[in-house]
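The values are calculated or read from the model by the stated rules, or taken from the named source; none is laboratory data. Worth saying up front: this structure is predicted, and the values here are computed from it rather than measured. Because the Cβ atoms are built from the backbone with ideal geometry, glycine has one as well, and the counts that use them run over all protein chains shown.
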Amino acid sequence: MPLAALPDEDVEFVLSDRTWCTPVVAELTLTVAERALDFRPGQYVLLQDEARTVAPRSYSIANAPRSDDTLTILVTAVPDGPTSTWLTRDATVGHRLLVSGPYGNFVADPDHVGPTLYLAGGSGLAPVRALIEAAALRGATGVPEPARRHTLLFSGRTAADVIHSTWLTELARTQPGFDYVRTLTRAAAGEADPPVGRVPEVLPGLLPDLTDHAVYIAGAPGFVEACTRTAEGLGVRAGRLHTEEFYAEPAPWHAEPTPASTTASEEIP
Ligand SMILES: Cc1cc2nc3c(=O)[nH]c(=O)nc-3n(C[C@H](O)[C@H](O)[C@H](O)COP(=O)(O)OP(=O)(O)OC[C@H]3O[C@@H](n4cnc5c(N)ncnc54)[C@H](O)[C@@H]3O)c2cc1C
């Protein structure tokens, strides 16, 4: 297997498109301005504006490597979150961004031969989408064998919070080895098509035995923690459990001095 790419620093990309997938999650397309980034599906990058007015923050790449080297990023707009607000609202098409990375080991295990389960909450779909796209591209989801199935269980609050449902539904239709299930956590039974409820309530009915599965879980820390406990209860083996927690970075960030603030570096808590 090829060695993972070494991270690159502050590579310039251009925001070439932005659309809202849900009321709070925007999909950004970043186009190469300087040079392409070598990454493995599931990895993440640090993003920051070119003028370094907002803190660099981690965002998972939501696609497998493409021939045009564009990157897709799914960003949840966090109220009062400086970087997510800049990415989802303040930046306009044509703005330059600094991209550093790739980082992380939330990547496919090439030695795994059994079935695979993906659990994603909200923009946690980003690295999972990259893994699923890569699995489809290498033909792994084209095989209708239960022992090698790929299953995605996506969790959203309401129907409006479900990301890429059209693409995922179509993929499940055309790829006989891929199943897509979405569950809604804020819809009452009878208000929406089943399943409704959180992953810990829904998963045991969907896949009661995970002893042969590789499991990939991505999203907010509480989501990852709850799903991990559930997957462990259903028998996943330790070496086959992969998690990506979208934790908020605790370290303070120091802005570079600018002509307008030369006395002290600015600190964003
Ligand atoms: C490995 C990794 C990958 C990540 N990938 C993604 C990704 O693909 N898409 C994505 O949107 N985010 C992702 N994140 C989270 C992202 O890095 C930022 O933490 C997030 O965008 C908030 O940054 P901010 O500067 O806007 O707000 P911050 O200044 O970091 O936070 C502002 C306030 O909001 C709180 N907060 C932070 N995040 C959330 C949240 N989601 N919901 C509610 N409150 C929150 C913080 O605790 C803080 O109080 C990832 C994080 C990690 C560690």
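With the structure loaded, tell me whether residue 183 is of a type in the set (Val, Ile, Thr) and either without any contact (Cβ under 8 Å) to a residue 24 or more places away in the chain or outside any strand (DSSP E or B) (or both) or whether it fails that test. First the steps, then the outcome.
Working: of a type in the set (Val, Ile, Thr): yes; either without any contact (Cβ under 8 Å) to a residue 24 or more places away in the chain or outside any strand (DSSP E or B) (or both): no.
So residue 183 does not fit the description; no.
For residue 214, are the conditions met, namely being closer than 19 Å to residue 74 by Cα, modelled with pLDDT of 95 or more and surrounded by 13 or more Cβ atoms within 10 Å (Cβ to Cβ)? No: the conditions fail for residue 214.
Scan the range 62-89 for residues that are crowded, with 18+ Cβ neighbours inside 10 Å, near the ligand (Cβ under 8 Å from one of its atoms) and touching a residue at least 40 places away in the same chain (Cβ under 8 Å) and the total you get is 6.
Given the options 118, 103, name the one that is under 21 Å from residue 156 (Cα atoms), within 15 Å of the ligand (Cβ to nearest atom) and touching a residue at least 40 places away in the same chain (Cβ under 8 Å). Quick ask: steps written out before the conclusion?
Values: 103 fails: under 21 Å from residue 156 (Cα atoms).
Every option except 118 fails the conditions.
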